[in-house]
Amino acid sequence: MLTIVPTPLGNLEDMPPRALRALKEAQAVYCEDTRRTRALLSHFGLSSPLLRYNERDQRCRGQVLERLSSGQSLALVCDAGLPCISDPGWRLVALARRGRVPVSVIPGGSAVTTALAGSGLPADSFVFLGFLPRSAGKQRALLESAARLEKTIVAYESPFRVLDLLAAAAQALGAGAQCCVARELSKLHEEWLYGTIESARAALSERKEILGEFVVMLNPRPFENNDNDADHQA
């Protein structure tokens, strides 16, 4: 059995009880960063064997599958959130499915849905783009294609490239399109910028240093408000 186990986005109080039980009972826990996951396990008093999982290493995937095929119960986690959603795991799940190995997923935190729920943007249907290409031209083309669906667009971005992403979004959707930027979800410095693409970019541009992990949400429809400044909620 392969169990996909969610971990907190930042706040350890968000750890599901069922996830803790799965980690405790697993014969081994595969993870992105053993130091980070060891700290998580130690916090909850768990001592399950911990191994690094390398999504791009075919030999590593094969070794995990071999253990699963022999009947072992293994867990897969990522650094934060739900594995396989812009995080390692989907290739291993595909191998397990092809090998008729049972796969179980424990529901839990995901930055995509967490950010959408607090965005104030339509989320009945949305387009998730994960991390966009680094090329400005490719970013713009992808955003333009997604915008034609007239749905909310969600992307992940680092603090080093979030301004570039917002610049590409302004070109693709228009500077006055709806925007919500979530930073450091569930953590001490959680922050939300809500307004237009232009106002969100302006608010971030004023900072001497941009820190944290970002979820950027866009909607092609113009932002309807009397004032064009991004509302800030820390």
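Mind counting the residues in segment 161-176 that are surrounded by fewer than 21 Cβ atoms within 10 Å (Cβ to Cβ) and either farther than 29 Å from Asp14 by Cβ or touching a residue at least 40 places away in the same chain (Cβ under 8 Å) (or both)? Steps first, answer last, please.
Here is the first cut: in segment 161-176, the ones surrounded by fewer than 21 Cβ atoms within 10 Å (Cβ to Cβ) are 161, 163-164, 167, 171, 174-176.
In the following step, the residues that additionally are either farther than 29 Å from Asp14 by Cβ or touching a residue at least 40 places away in the same chain (Cβ under 8 Å) (or both) were identified as 163-164, 167, 171, 174-176.
Going through segment 161-176 one residue at a time, the tally reaches 7.
Residues are listed down the side, and each one gets a yes or a no for (1) of a type in the set (Lys, Arg); (2) more than 15 Å from the chain's Cα centre (by Cα); (3) surrounded by 12 or more Cβ atoms within 10 Å (Cβ to Cβ):
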residue	(1), (2), (3)
Phe131	no, no, yes
Gly137	no, yes, no
Ala141	no, yes, yes
Glu144	no, yes, yes
Ala155	no, no, yes
Ser158	no, no, yes
Selection from segment 141-160 of residues touching a residue at least 40 places away in the same chain (Cβ under 8 Å) and among the acidic types (Asp, Glu) yields Glu150, Glu157
Taking segment 38-60 and keeping residues in contact with a Leu (Cβ under 6 Å, 6 or more places away or on another chain) and either of a type in the set (Gly, Ala, Ser) or buried (at least 19 other Cβ atoms within 10 Å of the Cβ) (or both) leaves Ser48
Selection over segment 129-140 where residues are over 20 Å from Pro6 (Cα atoms) and in contact (Cβ under 8 Å) with a residue 40 or more places away in the chain yields a count of 0
Taking segment 110-128 and keeping only residues that are in contact (Cβ under 8 Å) with a residue 24 or more places away in the chain and assigned to a loop (DSSP other than H, G, I, E, B), one is left with Ser110, Gly118, Ser119, Gly120, Leu121, Pro122, Ala123, Ser125
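Could you list, in sequence order, the residues of segment 67-85 that are surrounded by fewer than 20 Cβ atoms within 10 Å (Cβ to Cβ) and within 24 Å of Asn11 (Cα to Cα)? It would help to see each step written out before you state the result.
At the first step, the residues of segment 67-85 found to be surrounded by fewer than 20 Cβ atoms within 10 Å (Cβ to Cβ) are 67, 69-73, 79, 84-85.
Once the filter is applied, which keeps residues that are surrounded by fewer than 20 Cβ atoms within 10 Å (Cβ to Cβ) and within 24 Å of Asn11 (Cα to Cα), segment 67-85 yields Asp79, Cys84, Ile85.
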Of the conditions (1) in a loop (DSSP other than H, G, I, E, B); (2) among the charged types (D, E, K, R); (3) surrounded by fewer than 16 Cβ atoms within 10 Å (Cβ to Cβ), the single one that Glu13 does not satisfy is (1)
Requiring at least 1 residues that are modelled with pLDDT under 95, farther than 27 Å from Lys138 by Cβ and within 23 Å of the chain's Cα centre (by Cα), the strands (runs of 3 or more DSSP E) wholly within segment 163-234 are 231-233
Filtering segment 66-91 for residues that are over 18 Å from the mean Cα position of the chain (by Cα) and within 24 Å of Arg21 (Cβ to Cβ) leaves a count of 9
Of (1) surrounded by 13 or more Cβ atoms within 10 Å (Cβ to Cβ); (2) under 21 Å from Gly130 (Cβ atoms), Thr34 satisfies every one except (2)
Within segment 92-109, restricting to residues that are surrounded by 15 or more Cβ atoms within 10 Å (Cβ to Cβ) and not in a loop (DSSP other than H, G, I, E, B), the one that is nearest to the chain's Cα centre (by Cα) is Val105
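The values are calculated or read from the model by the stated rules, or taken from the named source; none is laboratory data. Fair warning: this is a prediction, and the values are worked out from it, not measured in the lab. Here the Cβ is made from the backbone with ideal geometry for all residues, glycine too, and neighbour counts use every protein chain on show.
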